[in-house]
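No value in this document is a laboratory result; all are computed from the given coordinates. Note that the coordinates shown come from a computational prediction; the quantities given were computed from them, not determined experimentally. Every residue, glycine among them, receives a Cβ derived from its backbone with ideal geometry; neighbour counts consider all protein chains shown.
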Amino acid sequence: MQEKFMKEALKEAKKAYNKLEVPVGCIIVKDNKIIARAHNLKETKFDTTKHAEIIAIQKASKKLKSWRLLDCDMYVTLEPCSMCAGAIINSRISNLYIGTMDEKTGAAGSILNLFEDYTFNHKVNVEKGILNKDCQKILKDFFKELRNEKSKKRE
């Protein structure tokens, strides 16, 4: 089931890729049904807060008519940053499933761990490495392509 839902998050990441956004995709699931889908839109919307996780939380909250996303699970292709980790905790997501880790800005164990190192009023269960290779590949391909485009412009 986890791989099935992470594949859906990867579909969102591909949408971001096609928009020249860092390819991160996210879905939120309640009762084994996807209630929200999102991908990064920082570049498109010129907004630092338009991370896939934040947009998905907003959509799920609207659908459920509540900021409390109780009994909801989030699947995200890349480890959340501190902003997104805080939003995940505050929205009361039950389970967080991460595709691959982010060694530069990750807040679920790579740089810091907001989910385990601090005591908040809500505890999120975190599982890492779901479809890790697929989630890594889309990011590596994206940045490789971006570097190639930049080097072509310099020539």
### Extension gain, K104 back to M1 (0.36 nm per residue minus Cα-Cα distance, nm)
34.2 nm
#### Entry: Within the chain, helix-based [θ] at 222 nm, where runs of 4 or more DSSP H residues each add -39,500 (n - 2.57), nearest 500
-13500 deg cm²/dmol
#### Entry: Listed residue (L70, I130, A38) projecting farthest to the positive dipole end of the chain, Cβ model
A38
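With +1 on each Lys and Arg Cβ and -1 on each Asp and Glu Cβ, and nothing else charged, work out how big the dipole of the chain is about its Cα centre, in Debye to the nearest 20.
On the way: 30 positive and 21 negative charges, 133 e Å.
For the chain, the charge dipole is close to 640 debye.
Under a Cβ-only charge scheme (Lys and Arg +1, Asp and Glu -1), can you give me the dipole magnitude of region 1-52 about the Cα centre, in debye to the nearest 20?
Numbers: 12 positive and 7 negative charges, 27 e Å.
With Lys and Arg at +1 and Asp and Glu at -1, about 140 debye.
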### Summary
Cα gyration tensor of region 15-77 diagonalised, 5x eigenvalues square-rooted, in angstrom largest first, produces semi-axes 22, 12, 8
### Task
Could you please tell me the mean projected area of the C-alpha convex hull for region 48-127, averaged over all directions and given in square nanometres to one decimal?
4.8 nm²
### Query
Quick one: Kirkwood hydrodynamic radius for the chain, alpha-carbon pairs, angstrom, one decimal?
15.5 Å
#### Entry: Nonlocal amide H pairs with L96, under 5 Å, H built at 1.01 Å
M74, N125, V126, E127
### Query
Modelled label-to-label distance, N95 and R147, 7 Å Cα→beta-carbon offset: nm?
3.6 nm
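Residue separation times 0.36 nm, minus the C-alpha to C-alpha distance between T49 and K33: what's the value?
3.2 nm
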### Query
Residue by residue through region 110-121, which ³J(HN,Hα) values in whole Hz follow from phi under the Karplus form 6.51 cos²θ - 1.76 cosθ + 1.60 (θ = phi - 60°), with glycine and proline marked x?
6, 9, 8, 9, 5, 7, 10, 8, 10, 9, 10, 6
### Query
About its Cα centre, how strong a charge dipole does region 72-122 have in debye, to the nearest 20, once Lys and Arg get +1 and Asp and Glu get -1 at the Cβ?
160 debye
